[in-house]
Structures are given as structure tokens and as C-alpha cells.
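Inspection log for the structure reproduced underneath, given as C-alpha cells.
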Amino acid sequence: MQREKIQELVKSMTLEEKVGLCSGSDFWHTKAVERLGIPDIMVSDGPHGLRKQDDKADHLGVNDSIKAVCFPTGCGAATSFNRELITSMGEALGNQCQVEGVSVILGPAVNIKRSPLCGRNFEYYSEDPFLATEIATAHIKGVQSKNVGTSIKHFMANNQETRRMTVEAVMDERSMHEIYLAAFEGAVRNAKPWTIMTSYNRVNGEYVGENKELLTDIVRDKWGFDGFFVSDWGAVNNRVRALSAGLDLEMPASAGYRDKQIKKAVEDGIISEKVVDDACIRILDVAYRYLDSIDKNAVWDLDADHKLARAIAGECIVLLKNEDDILPLKKGSKVAFIGKYADVPRYQGGGSSHINSALITSAMKAVKDAGIENVVYAKGFDDKEDIVNEALELEAIKAAKDAEVAVIFAGLPDLFESEGFDREHMRMPDCQNHLIDEVLKVQPNTIVVLHNGSPVEMPWVNEVKGIVEAYLGGEAVGGATVDILYGEVNPSARLAETFPYQLEDNPSYLSGFGSGNTVNYSEGIFVGYRYYDKKNMPVMFPFGHGLSYTEFEYSNLVVDKNYTEGDTLKVSVDITNKGDRAGKEVVQLYVAPPKKEVIRPLKELKGFDKVFLNPGDTKTVTFTLDRRAFAYYEPRIKDWFVDSGEYEIIIAKSSENLVLAETVSVEGKASIPFVFSPNTVMSEIPNTPEAREIIKPLDNQDGMGGASSEDGSPASEAISKEMADAMERYTPLRAMITFSDGSISPELIDEIVEKLNALK
Ligand code: BGC
């Protein structure tokens, strides 16, 4: 329906009808206005499957939803580094929604993995906003290509579950834009999600859902968001304030209380009726995007989507370690699959994203289906509580001893990782670590397969020969794991987050999840690899790491030599498959800024591509970078700023494994306005002939009252030339009055300041 028609429709609604539309009719529906023929629409969770609940709805996944397909959760999806693949997952989800009459599927969830302990990390993509942007964009484009909306969430800074409904995240403006807003910004600009879900928490003193600057000034006006904002379920604190800030739809139903509050606010003149009208227009605009394009022919094929889920999972499994080429396993060799998750896979997390999976493929089922012989199973541990089960362990040790290779399926149980609470430590259950140690005593050829949503400490990392990070890879993860283990699929996923050795190494460790209701993001922009890089700190597995069964060689990096802001920069590099297996390589492009006064990460991911190569083949991968590849967020101009200088374009296999690099000379166009004052320090005065002329009267005044000389006197020992120079650099103009021989007057300083400000 055209915007004008929607506006007319809203004009014909009564105030009661309009305020009613601003909150749900129940858990999952908006309100219909029967008098005007406006139907309700249904929304459902996401993000990695359709959780459509018909009766007895709840938002924590307790009650059953319809049977659906569970694709890899966000933590896995991002590791694919494959945009097309994630788009195909989005298309499947969109189709399912069309069949089920769901207008908006709630996701993707793009909060930054600030701490490895966040309970919902399994739903989130990455510690890196560029990767999160690209994967979210792919997901949204896929779903919305089926005329079904998405709800990118949780806007913003819902980076922990501890006190998630009230906690205040305190962060500086630059970190907010560069780290915590960036994935929302990128996805809004690139993929135009129909809706955005506001988070529960507060940021810098205010509930996000009540923050007009964020919702309206930044997201709507600056980024061009043209859908509606919906609250997270139960997130609204003050409905009238939220509505004025731009939060259009409150979910779920509000038992009529909110209708009354909004109506009264309009009647009392606290908000204008136009605020309500605008919210209704936005809600109906999105509703009709769906209602006008319901696809009655859409089909939902559970089996086909299960196969798709397996193919996607295969690209999300990261091969972390492969000593002595222990993998791939030879079909027919004697293998012991150990650990409960080989039989009952841990493939998704608890809470609102929990899918009632139609089909689940375990690794044991997959080997049977594939006719792979000589694989025995031993449960090894139970995951209902963290205690060693001696009988199970003994059985597993025996199986490991009798086999040629032991594959232990381990990971974090629901008990450790779920929506609603954060992990207390980064360790795996002790009983599982114990089992791994015991197996290692009898079987040196041990491989660990991990199911977890976020990094774990691995005390056995040097002892085991292989580590396969399977994440919470969706209902087909068992099959996909077998595909990787036996080489049916050549691993091609890369870590979307750093695995530190221990929790204490993580930059959020000191401030953690806060004291009381406040958490201080004191690590600033140094989240994930940005921190480890700068600290030159060894990590267990770096961001972007992942092995393959073949080898890729990089050559012929070609980079435009100059870049001017506003243009694009071309980069190309050749990749050759030097091994004897076909495979996919993830080519990563990082940009390293020049070292200048503004503190920046050593380098940041600004491009990636995934290419398939047959043995011996070479392909050229090209990247087109725009200004954002070089920019940082500059609070002084409240915008992204390209600083001129020499930047390095780095092609890498991970944030630590850098392969090729070239320098490009970058010219920024914007400038940061600078107002000179008597407190301007000498080093801030531009080194131009005009400025030098203006400050000439200060010549021969060293800012130290002449205290330094190089004559070897006691005075020169106390104040070296280096010290005097440094002191002068940071001496404000006004101090020259005190330190001069009387020849510099306050009036002279004012005159200099005035002349400097008059310079263009
Ligand atoms: C979660 C959201 C979810 C909503 C509806 C909330 O508790 O934070 O991610 O979409 O419930 O189930």
C-alpha cells in the first residue's frame, strides 16, 4: 500500500484505535482495526529458525512452537564468512514465514561479543562490527527477498544477560559508534531491515528505547531507517517517553494500560497526536509490505531445508588444529566417538531462539547413514550436572584405547550457557576436561569436537591432535561434523572471535558485567583482536583463524597507490590452490592506519571474500574499499573522519597470519574545526608559514623561563633539551606570559589567538 494511502488510513482512525496500534494484541500479534479492515500481523522469533508459537505463548522458549528447521546459530553463521550462504538461509527462513503467515522474523542479533561470557553469545555474530555487518546484511537480504521483514536486534549494547533489563552500559562516543552501533548502521544502510528491536538495557544513563538521539536523530535521520522500532519483549520503561523518542511498537500486549497512558499524554498536550500518527504510519507501512505480497504458493520443505542446514553448517565448522594431518579420518579406520554430544548433539541454545527442530542429525546417525563402518560410541559424560561419571568414563577410556583415533564431542551444556544468564567462567565442565585428560592417557590420536557459543579455555590444547569448533551449528550439525571429520567437506570456516588462553586476558575482564546496575566499557574501542593486537598478547586462536585440508598461496597484490576520500580504492590479489583437494579460502583484508595522535587499533578488518578453488586453480579476488575503510569516528565532528596519511592494506589468513601488504597514500577531505584559545598548546599550532609568522613574537621564549641550556651546568642536567622541548610542545600560549622575560603580555597572546583563528 502506498504511503499516501496509509496516511489516509491513519487519518481515519480514532485516537483510541491509534494508541491501540502502538502495542501488541497478544504475545505475537499487532492489533487489528476491524472497522477499517486493517488486519493484525504476526511476528515470531528467529533468528536462526522459525519459532512460531500458536497457543500459550512465551518469550523464553519454554512452550512448544511449531516444528521447524534449526539452522546454525549466529556464532556459527558468522564463521562461514560466506554472504551467499547466509542469504540462502535467510531465503529459507523467509519462505517458512510466508507459509506460516509470519510477517516479521525477529533477528538477526548483531550485538558485539564483548566478553566470552555473555550468555547469548551463541546468537551473536562476532567481536568485529564489519563481519557482523556483512553477515547481518546477507541474512536480512535473504529473508526480505521473500517479502517478510526482519528485526535486527538488540539495539543496542545488549552485550550481557546480567541485569539485562536494567543495566546501564557506560561507553564513550567513539566506542559506541565504532564498535556497538556499527553493525546496526551497516545493516540499516545496506539491507534496510523492516524493523529494529530496541534492547532492554540503558546506555549512558538512558533506556535505549527512550533515547531520541539514538532512535530518531541517528538511526532514522542519519542512517535513513524507514521501518518501525519495536521494543524487546517487556522492555518499555516509560511508554510516553519511548514513543516520543521514536519507539513505535511496544511488544507484547500491554493490557490496555499503555493505550490509556498514551491517550492521556495526547489529551494533556504532553505529546502531539502527530507523534502517535507517525508511529501508526510506520507500523502500517511495514504491515502492508507483507500483507500486500503474501505468497500463497510458498512451500516449506523440511527435508530440503534440513539438507540446506547441513550444507551451511559444513561451512560454519572451524578446523582449529590438525597436527600430523590427523584429519580427515580414513573411512573404515577404527574410531571411537566419545561424549554425549556425538549421539545427542548440542546444536542450539536455550531461550527465545529455541527451535522445535523437525529433524536432528547426530554424528552417530550420520556415520550410519553414510555407511561408515568401525565407529563405536561411548557416552563418556552426562551434562545434567558437572560431575565425573566413573562408569561412563571407564567405558569411554576403553573405547578410546581399542580404537585408532578417539573423537571426543564436548562443549557447553545449557546449564553453562543460555539466554537469561552469563557464564561465570570460561572453563568447560570439569567432568569433560577430566574425560579428555583420561582419554589422552590411552590414546594420543585424540580429536576434540566442540559445541559452544563462545570461547572456552582448553587446558589440553597442546595434547590433542585435532580441534574442531562446531559451535551450536543447528539441527544438522552432527552430519556436517561427520562431513568435515571424513573429508566429504573441506573445512572453510574462520573464527569470528578471538580465543584467548584464559578469561583474564580478555579486555572486558576488569570491568566485567559491572557493579550493580552499571557496567563501564572501560576497554573502549579495544574489543577482541583490536585489543590483543595492540597489546601484542599471544592468544590461543586468533580472530579469522581456521585451517583447511588444502593449501592456498597468495600472490600479486595490486593496490591503487593513492586514494582520495569520496572515491573508491581497488585491491586485487591472486589465490592459488596448491594442494590436491578442492576447497574454499577466506581472503581477509585489514587496513592499518598511520600512527598519529588519535589512538586507533593497529589494524581492522575491512573486507573479506570466500573463493572456491579446484586443485591447481588460481582466482583473482578483488575488493573495492570506500572511505569507511579508512575512517574512524571523530567525536569532535560527530561523524566518521578520514585522516590523511599512509595506510597499509594487508591481506591475511587471520588477524595474526599476515600474508601480503601494500601502502596507499590516503587523502581525507574533511577537517576538524579547531578553535584557538590561550589554552592552545604550542604543538597544536600548525607548522605553516602563515602561522609561524603569527607566533614569531614568541620566538626565543622556550616556555621554561630559560631554564635549560646545554652548557653542562647543574641547571642543564636538571632540565635536558629533550625535556625543555617536550615541555614547550605542551605549553599553552597563556603560560608564555609567565615564562617570558616580560615581553609577552596577555594582550599579545589575545592578539595571536585572534590572528590564528582568522587563518583559514
Ligand atoms: C528476547 C528477544 C526475543 C523476544 C521475543 C526477548 O526475551 O530478548 O530476542 O526476540 O524475547 O521472544
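The values are calculated or read from the model by the stated rules, or taken from the named source; none is laboratory data. The structure displayed is predicted, hence computed values, not measured ones. Heads up, the Cβs are rebuilt from the backbone with ideal geometry, glycines too, and the neighbour counts pull from every protein chain shown. These accessible areas exclude ligands, DNA and RNA; they are computed on the full protein's heavy atoms, side chains included. Shrake-Rupley method; radii C 1.70, N 1.55, O 1.52, S 1.80 Å.
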Measuring from a point 7 Å past the Cα of Lys441 along Cα-to-C-beta, which residues in segment 455-490 have an amide N at less than 19 Å? 459-465
Using alpha-carbon positions, what is the distance between the centroids of segment 471-548 and segment 345-408, in Å? 24
Of the DSSP beta bridges with both residues in the chain, give the percent that are antiparallel, rounding to the nearest 5. 55
Cα atoms only: what Rg and Dmax, in Å, come out for segment 442-571? 19.3, 62
In the full protein assembly as shown, how much of Thr622 is accessible to a 1.4 Å probe, in Å² to the nearest 10? 90
Amide N of segment 719-760 lying under 18 Å from the label point, which is placed 7 angstrom from the Cα of Ser713 along Cα→Cβ: 719-725, 739-742
Relative contact order (%) - segment 456-530, alpha-carbon pairs under 8 angstrom, separation at least six: 26
Thr162 and Glu646 label points (each 7 Å along its Cα→Cβ direction) are spaced in nm at 4.5
Shape parameters for the chain, alpha-carbon atoms, Rg then Dmax in Å: 29.3, 96
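Ignoring ligands, DNA and RNA, what accessible area per residue does the chain give at 1.4 Å, in Å²?
For the chain, the per-residue accessible area is 39 Å².
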Rounded, prolate or oblate, given the Cα gyration tensor of segment 223-362, with a/c below 1.5 counting as rounded? prolate
Mean residue ellipticity (222 nm) of the chain, computed from DSSP H runs ≥ 4 via -39,500 (n - 2.57), nearest 500: -8000 deg cm²/dmol
Can you give the relative contact order of segment 400-499 as a percent, counting alpha carbon pairs under 8 Å and 6+ residues apart? 27
Rounded to the nearest 20 debye, dipole of the chain from Cβ charges on Lys, Arg, Asp, Glu: 1600
Between beta-carbons, use under 9 Å as the cut-off and find the net charge around Asp277, counting Lys and Arg +1, Asp and Glu -1. +1
Proximal lysines to Lys368, defined as alpha-carbon separation beneath 25 angstrom and excluding residues fewer than eight positions away on the same chain: Lys67, Lys307, Lys330, Lys331, Lys334, Lys340, Lys379, Lys398, Lys401, Lys465
With the dipole of segment 171-325 worked out from charges on the C-beta (+1 for Lys and Arg, -1 for Asp and Glu) around the Cα centre, which of Ser244, Leu214, Tyr288 lies farthest toward the positive end? Ser244
Give the percent of DSSP beta bridges with both residues in segment 393-484 that are antiparallel, rounded to the nearest 5. 10
Net charge near Gly466, counting Lys/Arg +1 and Asp/Glu -1 over other residues with Cβ under 12 Å of its Cβ? -3
In the chain the accessible area split gives carbon plus sulfur, as whole percent at 1.4 Å, a share of 49
On the full set of protein chains, 1.4 Å probe, figure out the accessible area of Trp28 and give it in Å² to the nearest 10. 10
What percent do you get for the relative contact order of the chain when only Cα pairs under 8 Å and 6+ apart count? 13
Identify all lysines with a Cα-Cα distance to Lys222 below 16 Å; exclude those on the same chain that are fewer than 8 residues away in sequence. Lys192, Lys212, Lys638
Percent of alpha carbon pairs in segment 373-499 separated by more than 16 Å? 64
Report the rotationally averaged projected area of segment 61-108 based on its alpha-carbon convex hull, in square nanometres. 3.9
Based on the alpha-carbon gyration tensor of segment 308-444, what equivalent-ellipsoid semi-axes (square roots of 5 times the eigenvalues) come out, in whole Å, largest first? 24, 21, 14
Simple spin-label estimate for Ser683/Asp226, 7 Å along Cα→Cβ, in nm, reads 4.8
Would you mind counting up the charge near Phe612? Only other residues with Cβ under 14 Å from its Cβ, with Lys and Arg at +1 and Asp and Glu at -1. 0
Could you give the length gained by full extension between Glu404 and Lys67, i.e. 0.36 nm per residue of separation minus their alpha carbon distance, to one decimal place? 117.4 nm
With labels modelled as points extended 7 Å from the Cα through the Cβ direction, what inter-label distance (nm, one decimal) is found for Asn757 paired with Ser145? 5.7
